[in-house]
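Peer 1: What follows is a structure written as structure tokens; I'll ask about it next.
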Amino acid sequence: MVETYQRRSALAHLGLVARAASSSTAGAGVIMSEVPHRTIVNVRGTASDVAFSSAVQTATGLALPSAANTVSNGGVWQIVWLGPNEWWITGPDGEAESLIEALRANFAGQHAIACDVSESRAIIALKGAKARDVLMRGVSLDLHPRAFRVGQCAQTGLSRANVLLHLVDDTPTFEIYVLKSFSDYLWQWLEKVAADFNLAVEA
Amino acid sequence: MLLIPCPYCGKRDEHEFTYAREGHIARPTNGEQLTDAEWAQYLFMRKNPKGVHYERWMHAKGCRRYFNVARDTVTHEIYAVYEMGQPAPVIERENGR
Ligand SMILES: [Zn+2]
């Protein structure tokens with residue numbers, strides 16, 4: 001874990017707090033913000049093994065998402081599908097160590113892992129009536145509400161970056177997980193596109 | 001551009017995938033007993049058919065899983081998609097190639 005006094009979010013250098021202060025969300029088609037410091041724990045195991053799935057459920061209070069490319073959502077934790085034997089458990093900052101401790105204790109004797117990858121990703125939230133129009137300029141997925149519903153996620157390419165998209169609500173609000181080293185590029189790209197749709201920045 | 005049905009994620013654009021060449025090639029377990037010619041056969045010689053090709057793809061930008069595809073090398077039609085470890089399906093084609 002990074003020492004608190006050295007800790008800055010991936011997009012802190014863009015001065016988003018100051019930008020937000022001088023930006024009005026009234027009438028904005030798209031609102032962008034950074035979601036800083038979310039806990040992300042990578043978990044791998046055999047989905048069909050009841051010992052594994054109940055180990056995850058005991059630690060998080062959540063069942064593994066039953067369908068591919070969906071997210072199960074609880075009060076504290078979310079479980080994001082990444083592959084047939086791989087998930088992210090995401091949640092509040094500072095909770096990674098205790099979660100991993102609980103998972104590893106429950107995984108004893110199993111072929112399963114839990115690993116803190118919180119610092120690998122930046123998260124950009126993109127919301128508003130025109131959020132889909134922004135994303136559609138850079139992804140090949142069908143984002144029509146009929147095809148990509150609330151609670152669904154997808155790993156795909158957005159412009160030149162690999163991302164995980166999660167449709168959080170039908171505002172719509174998308175959360176975009178991207179490797180930190182691509183986050184500055186992706187923010188700039190999104191901003192350039194969103195400028196066509198009346199962009200506001202939120203802290 | 002192909003639309004490739006990942007067995008886990010469904011249809012995705014070709015640019016999300018990487019190609020992993022011919023499938024169903026078993027690595028010899030008796031490598032130390034093979035002649036150079038036999039080793040070269042395993043390592044380098046591939047079918048290159050005109051028609052159905054059984055090959056592997058990896059969903060690189062998505063779930064990052066390998067899987068098998070039966071694809072027509074002339075028309076690019078994808079006849080079947082199946083998980084690693086599954087046997088190659090027999091493909092009946094109308095044009096009889
Ligand atoms: Zn996939």
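Computed from the coordinates by the stated procedures, all read-outs in this text should not be read as laboratory data. The structure displayed is predicted, hence computed values, not measured ones. Using ideal geometry, Cβ is built from the backbone for each residue, glycine included, and neighbour counts are taken over all protein chains shown.
Peer 1: Given a Förster distance of 35 angstrom, what is the FRET efficiency for A:I113 paired with A:K192, based on the Cβ-Cβ distance and rounded to 0.05?
Peer 2: 0.35
Peer 1: Give me the percent of DSSP beta bridges within the protein assembly as shown that run antiparallel, rounded to the nearest 5.
Peer 2: Bridges in the protein assembly as shown that DSSP calls antiparallel: roughly 95 percent.
Peer 1: Taking the Cα centre as origin and putting +1 on Lys and Arg beta-carbons and -1 on Asp and Glu beta-carbons, what dipole magnitude results for region A:39-118, to the nearest 20 debye?
Peer 2: Here the size comes out at about 220 debye.
Peer 1: On to the next question. Rounded to the nearest 500, what is the 222 nm mean residue ellipticity of chain B from helices alone, with -39500 (n - 2.57) per DSSP H run of 4+ residues and division by all residues? Could the numbers behind the result be given before it?
Peer 2: Working: 1 runs with 9 residues, N = 97.
Counting only the DSSP helices, I get -2500 deg cm²/dmol.
Peer 1: Provide a whole-number value for the mean count of partner chain Cβ atoms within 10 Å of the Cβ atoms in peptide A:131-140.
Peer 2: For this peptide, the per-residue mean of nearby foreign Cβ atoms is 1.
Peer 1: Along the charge dipole of chain B, which of B:W39, B:F67, B:C6 sits closest to the positive end, that is, farthest toward it, with unit charges on the beta carbon of Lys, Arg, Asp and Glu (+1, +1, -1, -1)?
Peer 2: B:C6
Peer 1: Would you pull out the residues with amide H under 5 Å of B:R12's amide H, same chain only if 5 or more places away, H placed 1.01 Å from N?
Peer 2: B:I4, B:C6
Peer 1: If you don't mind, there's one more thing I want to ask. On full extension of the chain, what length is gained from B:L3 through B:T18, given 0.36 nm per residue of separation minus the C-alpha to C-alpha distance?
Peer 2: 4.1 nm
Peer 1: Follow-up. What three numbers, in Å, describe the spread of the alpha carbons of the protein assembly as shown along their principal axes, ordered from the longest?
Peer 2: 71, 49, 36
Peer 1: Under a Cβ-only charge scheme (Lys and Arg +1, Asp and Glu -1), can you give me the dipole magnitude of the protein assembly as shown about the Cα centre, in debye to the nearest 20?
Peer 2: 560 debye
Peer 1: Which whole-Hz couplings ³J(HN,Hα) result when phi for each residue of region A:69-82 is put into the Karplus expression 6.51 cos²θ - 1.76 cosθ + 1.60, θ = phi - 60°, listed in order with x for Gly and Pro?
Peer 2: Rounded to whole hertz, the list is 6, 10, 10, 9, 10, x, x, 9, 10, 10, 10, 9, 6, 10.
Peer 1: Full extension from A:V150 to A:M136: what is 0.36 nm times the residue separation minus their Cα-Cα distance, to one decimal in nm?
Peer 2: Additional length available on full extension: 3.4 nm.
Peer 1: Moving on. For every helix of n ≥ 4 consecutive DSSP H residues, a contribution of -39,500 (n - 2.57) applies; sum these over chain A, divide by its total residues, and give [θ] at 222 nm rounded to the nearest 500 deg cm²/dmol. Can you show the working numbers first?
Peer 2: Numbers: 5 runs with 49 residues, N = 203.
Value at 222 nm, helices only, nearest 500: -7000 deg cm²/dmol.
Peer 1: Okay, moving on. Under the definition of Cα pairs under 8 Å and six or more residues apart, what whole-number percent is the relative contact order of region A:39-118? Each step should come with its number before you reach the end.
Peer 2: Details: 153 pairs, mean separation 33.7, N = 80.
Rounded, it is 42 percent for region A:39-118.
Peer 1: What number, in percent, do you get for the relative contact order of region A:71-191 if the mean sequence gap of Cα pairs under 8 Å and at least 6 apart is divided by its residue count?
Peer 2: So the answer I get is 22 percent.
Peer 1: Here's another thing I want to ask about it. Need one word for region A:114-203: rounded, prolate or oblate. Basis is the Cα gyration tensor (sqrt eigenvalues a ≥ b ≥ c); a/c below 1.5 gives rounded, then a/b vs b/c decides.
Peer 2: Oblate shape, in that a/c is at least 1.5 and b/c is the bigger or equal ratio.
Peer 1: What whole number of Å gives the distance from the Cα centroid of region A:124-173 to the Cα centroid of region A:46-84?
Peer 2: One Cα centre to the other: 22 Å.
Peer 1: Let me know the charge dipole size of region A:1-156 about its Cα centre in debye, to the nearest 20, where only the beta-carbon of Lys, Arg (+1) and Asp, Glu (-1) is charged. List each step's numbers first, then the result.
Peer 2: Numbers: 13 positive and 12 negative charges, 139 e Å.
Roughly 660 debye, rounded to the nearest 20.
Peer 1: Can you tell me how region A:17-64 classifies by the Cα gyration tensor, rounded, prolate or oblate, using a/c under 1.5 as the rounded cut?
Peer 2: prolate
Peer 1: Same structure again: Return the distance in nm (one decimal) between the two label points of a simple spin-label model at B:A40 and A:S120, each offset 7 Å from Cα along Cα→Cβ.
Peer 2: Computed distance between label sites B:A40 and A:S120 equals 4.2 nm.
Peer 1: Moving on to the next point. Using a Gaussian network for chain A with springs between C-alpha atoms less than 10 Å apart, which of these wobbles most: A:I79, A:I113, A:I89?
Peer 2: A:I113
Peer 1: Please build a GNM for chain A, connecting alpha carbons under 10 Å apart, and tell me which residue among A:R137, A:R149, A:R121 fluctuates the most.
Peer 2: Checking each option, the largest mean-square fluctuation is seen for A:R137.
Peer 1: Given the options A:S66, A:V56, A:I89, identify the residue whose Cα lies farthest towards the positive end of the charge dipole of region A:39-118 (+1 on Cβ of Lys, Arg; -1 on Cβ of Asp, Glu).
Peer 2: Projecting each Cα onto the dipole axis, the largest value belongs to A:S66.
Peer 1: Next up: Order of B:26-34, A:195-203 by packing, highest average Cβ count within 10 Å first? Please list the in-between numbers first.
Peer 2: Numbers: B:26-34: 8.3, A:195-203: 16.2.
Descending packing order for the listed peptides: A:195-203, B:26-34.
Peer 1: Treating chain B as a set of equal point scatterers at the Cα positions, no solvent, please give the Debye-formula log₁₀ I(q)/I(0) at q = 0.11, 0.13, 0.25 Å⁻¹.
Peer 2: The Cα Debye sum returns log10 ratios of -0.38, -0.52, -1.30.
Peer 1: Can I ask one more? Could you name the aspartates and glutamates in cross-link range of B:K61, using Cα to Cα under 13 Å and dropping any fewer than eight places away on the same chain?
Peer 2: Partners found: B:D13, B:E14, B:E16.
Peer 1: Which whole-number percentage describes the relative contact order of chain B, with Cα contacts under 8 Å and a sequence gap of 6 or more? Mind dumping the intermediate values first?
Peer 2: Details: 139 pairs, mean separation 25.1, N = 97.
Relative contact order of chain B: 26 percent.
Peer 1: Just counting partner chain Cβ atoms within 10 Å, what average do the residues of peptide A:162-169 show around their Cβ?
Peer 2: 1
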